[in-house]
Structures are given as C-alpha cells and as structure tokens.
Amino acid sequence: MFNIGYLCGLRVSEIGRLHQEYFNEPGGELFCTRLKNSISNTIRLDDKRKNLLKKHIRESQVKNGDPLGQPHFFAPTGPAEQYAGKAKLPEDKAHWHTLKHSIAVHLAESGADVKELQNYLGHKKIDSTMVYFQFTTKQQDAFYKKIAESPQIV
C-alpha cells in the first residue's frame, strides 16, 4: 500500500478509506477519496502498481477467508518509522505525508505544471499546490544549464 499511497499522493487516512470497488481493474484506475477539504479523483495506475494492487486484493481475500468478498483496503499497521528507517529517512520525515510530498515534488520536477499537479493531488486551492514548486536542486541545475547553453547570455 506504500506504493499506491506514493503514486496517488494519499494520506494514510485516505488509504484506509479505499474500497475494492474503487479499483477499475480493466481501466487500471483507482478512485481516491480525498480528505481535508480536497477534491476526490481517479488516478490511472501504471502496470507495476496495477499488478501490486491486484496481488494485494487476492492476498486480502485469501487472508479474510472469503475469496469472493470485497474487502476494504487498510493502511499498513506497522509504524511509518519502521519503513522510514529502512529507507534511511530522517526522523522528522518518518510519516505518511512524506509520500504525498515526495510524489508531488517528483511530478513537479518531471515537468508537471501547477494545474496538472493541483488536479492530481485533489487540491481545491492553488496555494496548497504551490508549496511543491519550490526551487529544487534539480530545477536549479536545469536553470543553470539553460544559462550555460544560451547563445544570448554573453
């Protein structure tokens, strides 16, 4: 569920609200119920996440002893600190919201514009999205490369 939480930019409480029927397997889409006054939306999963989610559903059904049932998804029960330790994250970053922040920054650095990211994260207000468009090292490097390669800068 960490993988799904990361890709979809979900809070831990939002993962706990996912239902099996929110997963459109043929379309590879997952409906995400957003909290904190955000806009719920549908995220298209890549093949890797789609397969992980299908595996999670199968394992949940077997574990619950009802292969035909429709279990809800549950947020991981282990503390975020346990997984953050494995990832060697500092203590102040050892929480679920780090995943939401990470996907937002990664999408911004990959060229997503502010409106695309606002829609993807379900933000009602653009100010909430602008936080993720701080000048990162990667963006700074790209900026200085443009300067170095520009024939107009003498």
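The values are calculated or read from the model by the stated rules, or taken from the named source; none is laboratory data. Nothing here was measured: the structure is a model prediction, and the numbers come from that model. Cβ sites come from the backbone with ideal geometry, for glycine too, and all protein chains shown count toward neighbours.
Tabulated data
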item	result
Of residues in the stretch 43-59 being exposed (fewer than 13 other Cβ atoms within 10 Å of the Cβ) and not basic (Lys, Arg), the one nearest to residue 126 (Cα to Cα)	46
Pairs where the first residue, in the stretch 43-66, is of a type in the set (Val, Ile, Thr) and the second is at pLDDT 85 or above and assigned to a helix (DSSP H, G or I), C-beta under 8 Å, 6+ apart	43/7; 43/8; 43/120; 57/20
Selection status of residue 30, in contact with a helix residue (DSSP H, G or I) (Cβ under 9 Å, 6 or more places away or on another chain), modelled with pLDDT of 95 or more, under 27 Å from residue 129 (Cα atoms) and surrounded by 15 or more Cβ atoms within 10 Å (Cβ to Cβ)	yes
Odd one out for residue 130, checked against (1) under 20 Å from residue 39 (Cβ atoms); (2) touching a Phe, Trp or Tyr at 6+ places or on another chain (Cβ under 8 Å)	(2)
Boolean, residue 17 is modelled with pLDDT of 75 or more, surrounded by 11 or more Cβ atoms within 10 Å (Cβ to Cβ) and part of a loop (DSSP other than H, G, I, E, B)	yes
Count of the stretch 133-154 residues which are surrounded by 13 or more Cβ atoms within 10 Å (Cβ to Cβ) and under 23 Å from residue 38 (Cα atoms)	1
Which numbered condition residue 94 misses (of (1) within 23 Å of residue 129 (Cα to Cα); (2) hydrophobic (A, V, I, L, M, F, W, C); (3) at pLDDT 90 or above)	(3)
Count of the stretch 114-140 residues which are modelled with pLDDT of 90 or more and outside any loop (DSSP other than H, G, I, E, B)	13
Residue check for residue 111: touching a strand residue (DSSP E or B) at 6+ places or on another chain (Cβ under 9 Å), at pLDDT 80 or above and under 20 Å from residue 7 (Cα atoms)	no
